[in-house]
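Take a look at the structure below.
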Amino acid sequence: MHIAVVGGGLTGMTAAQDLAQAGHQVALFERDSVLGGLAGSFEVGGTLLERFYHHIFTSDRSVLDLIIQLGLGENMEWKPTTTSYYADRVYRLAAPIDVLRFRPLPFLDRIRFGMLVFQARFVGDWRPLEGMTAKEWLIRLSGRRVYEQVWAAMLRGKFGDRAEEISAVWIWNKVKLRGGSRGKSGQERLGYLRGGFGLMVEALEAKLAGLGVAVHKDSPVEVIEPAPEGGFLVRSDGGSTRYDQVLVTTAPELLAEMTPGLPANYRQQLRSIEYMANVCCVLDLDRSLSEVYWLNISDNRIPFVGLVEHTNIQGPERYGGSHLVYLTRYCDPLDEYYTMSDDELVKAYLPHIQRIFPQFRPEWVRRSYVWRERYAQPVIARHYSRLRPDFATPLPGLWLGCMAQIYPEDRGMNYAVEYGHLVAQRILSDGGTHRV
Ligand SMILES: Cc1cc2nc3c(=O)[nH]c(=O)nc-3n(C[C@H](O)[C@H](O)[C@H](O)COP(=O)(O)OP(=O)(O)OC[C@H]3O[C@@H](n4cnc5c(N)ncnc54)[C@H](O)[C@@H]3O)c2cc1C
């Protein structure tokens, strides 16, 4: 079969690999000039760095298997990392003992807060959580004060006005995943690929080339339409080519835009899956801000929800001495920070860094980069399983495999790889027959 894969993120690349390995002729279309999608990279000091901060958890089996298969297993490093929390000052929250010392909460609430991680681990069946919001679940387990003090600002920072609609399933999964990635002492351990996850993307790209996959970069797909002789015409680069099957790995809304022939009710379903955008500022500093890797910001006056000092997981020596800090903001695509110029954004952020780290001086900034992504995080509201689209679309031979299908888990490189395998298997097993 001739198969087109739209989107060169990890889902599309993994699926393209599996389909080509099964003997099919595959073409991969990517809008951007590099592959990797949200896990794409750029270079700092001669080393690849993700545009958006990335690490993996000890339970991320599928991406670890891919790394090993690509011959990069030796590069995988597991580091104890420090997570902290900023309210009026920085509080360390890296190990269970830190929770007991967490002064913003009265002592009993600290215990309730700490217990949440254990309670989340023992939730066997997530279905009863589907009808509950994250807010209801968090208040039920750890009380209103813990919710207001710790979780409310975090949820607002990630989902804006939609924060109170977010499903308990989403937060349960987050707490479980992060709480589970720990060493014996309870200290958090996170994984990073020495040299950057970009090495994995590059190795996968080389593998695709070896398998004969035709990779078209800088090639946004504009239209997908049924071909008169069967299959689909895919229009990109000013030309149209016919394929027997097409797999789209972009946000569902983009599939609706690209494919006018989809039934109206299905297009409506795709459009009702909302995504948060993300604007991520990367600062190249001449010195470190602190020893904290991951700083959650719980202060509504600060326009970013997280500050990630990447060079606390991969030393600055790998980046020609640069200390690299990400400042992340999830938002609506019309948000003022998302739409302002890169220079304005950096200028607006600097005083807030100083608020958190009073010793910080703007002169420490050697360079800055700003990355934006419209489709960064699906909004997972209550009863999301009813909204989640199937791999099969109503047009036989047209498939959707994307971040918005990952559930009850949340998006991440691991699930992009896992769902890439799953959607390829489904295409191979259904062989073009249709099932919704
Ligand atoms: C801020 C941030 C931090 C993250 N941190 C982590 C982390 O620490 N660990 C982790 O595991 N994961 C993390 N992730 C998530 C992870 O990056 C994603 O889950 C994963 O990379 C998604 O892969 P994908 O292929 O499904 O989607 P995408 O990477 O979104 O790929 C879709 C691709 O389709 C392309 N495309 C869109 N329209 C068209 C078109 N018309 N024609 C052709 N191509 C098109 C896009 O350019 C893109 O390359 C993070 C994400 C963000 C935003």
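Can you tell me which of 109, 60 is of a type outside the set (A, V, I, L, M) and farther than 25 Å from residue 309 by Cα? So the residue among 109, 60 that is of a type outside the set (A, V, I, L, M) and farther than 25 Å from residue 309 by Cα is 109. Here is a check on your reading of the model: is residue 102 among the aromatic types (Phe, Trp, Tyr), within 13 Å of the ligand (Cβ to nearest atom) and within 29 Å of residue 157 (Cβ to Cβ)? So residue 102 fails the test.
For the range 406-421, give me each residue that is within 9 Å of the ligand (Cβ to nearest atom) and surrounded by fewer than 24 Cβ atoms within 10 Å (Cβ to Cβ). Break it down stepwise before answering.
So in the range 406-421, the residues within 9 Å of the ligand (Cβ to nearest atom) come out as 406, 410-417, 419-420.
406, 410, 411, 412, 414, 415, listed by residue number.
Given the options 279, 234, name the one that is outside the structural domain of residue 42 (by TED's automatic domain parsing), of a type outside the set (Phe, Trp, Tyr) and out of contact with any His (no Cβ under 6 Å at 6 or more places or on another chain). Don't jump to the end; show me each part of the working.
Values: 234 fails: outside the structural domain of residue 42 (by TED's automatic domain parsing).
Exactly one of 279, 234 is outside the structural domain of residue 42 (by TED's automatic domain parsing), of a type outside the set (Phe, Trp, Tyr) and out of contact with any His (no Cβ under 6 Å at 6 or more places or on another chain), namely 279.
Does any residue of the range 1-17 turn out to be in contact (Cβ under 8 Å) with a residue 12 or more places away in the chain, away from the ligand (no atom under 11 Å from the Cβ), farther than 24 Å from residue 279 by Cα and open to solvent by 30 Å² or more (accessible area, probe 1.4 Å)? Yes, there is a match, as at least one residue in the range 1-17 is in contact (Cβ under 8 Å) with a residue 12 or more places away in the chain, away from the ligand (no atom under 11 Å from the Cβ), farther than 24 Å from residue 279 by Cα and open to solvent by 30 Å² or more (accessible area, probe 1.4 Å).
Is it the case that the range 370-387 has a residue that's of a type in the set (Val, Ile, Thr), open to solvent by less than 50 Å² (accessible area, probe 1.4 Å) and farther than 23 Å from residue 316 by Cβ? So that I can check it myself, show each step before the final result.
We begin by selecting, within the range 370-387, every residue of a type in the set (Val, Ile, Thr); these are 370, 379-380.
With open to solvent by less than 50 Å² (accessible area, probe 1.4 Å) added as a condition, the list becomes 370, 379-380.
Still in the list and also farther than 23 Å from residue 316 by Cβ: 379-380.
Yes.
Taking the stated definitions as given, is residue 225 at pLDDT 95 or above and touching a helix residue (DSSP H, G or I) at 6+ places or on another chain (Cβ under 8 Å)? For residue 225, the condition - at pLDDT 95 or above and touching a helix residue (DSSP H, G or I) at 6+ places or on another chain (Cβ under 8 Å) - is not met.
Filter the helices (runs of 4 or more DSSP H) completely within the range 154-265 down to those with at least 3 residues that are open to solvent by less than 10 Å² (accessible area, probe 1.4 Å) and closer than 30 Å to residue 43 by Cβ. Lay out the reasoning, then the answer.
Working: elements: 168-180, 198-210, 252-258.
Filter on the range 154-265 gives 198-210.
Taking residue 274, is it free of Cβ contacts under 8 Å to residues at least 60 places away in the same chain and out of contact with any Leu (no Cβ under 6 Å at 6 or more places or on another chain)? Please lay out each step first, then the result.
Working: free of Cβ contacts under 8 Å to residues at least 60 places away in the same chain: no; out of contact with any Leu (no Cβ under 6 Å at 6 or more places or on another chain): yes.
The answer is no for residue 274.
What are the pairs with Cβ atoms under 6 angstrom where one residue, in the range 328-345, is of a type in the set (Val, Ile, Thr) and the other, located anywhere, is within 16 Å of the ligand (Cβ to nearest atom) and open to solvent by less than 50 Å² (accessible area, probe 1.4 Å)? Sequence gap at least six, or different chains. Correct list of pairs: 328/280; 328/304; 328/306. Those strands (runs of 3 or more DSSP E) of the range 1-82 in which at least 3 residues are within 18 Å of residue 402 (Cβ to Cβ), considering only elements entirely within it, cover 2-6, 25-29.
Among the residues of the range 58-85, the one identified as open to solvent by 30 Å² or more (accessible area, probe 1.4 Å) and of a type in the set (Phe, Trp, Tyr) is 78. Can you confirm whether the range 277-299 contains a residue that is in contact with a Pro (Cβ under 8 Å, 6 or more places away or on another chain) and within 16 Å of the ligand (Cβ to nearest atom)? The answer is yes; a qualifying residue exists.
The values are calculated or read from the model by the stated rules, or taken from the named source; none is laboratory data. The shown structure was predicted, so the numbers you read here are calculated from the model rather than taken from an experiment. Glycine also receives a Cβ, built like all others from the backbone with ideal geometry; neighbour counts cover every protein chain displayed. Only protein heavy atoms, including side chains, enter the accessible area calculation; ligands, DNA and RNA are left aside. Shrake-Rupley method; radii C 1.70, N 1.55, O 1.52, S 1.80 Å.
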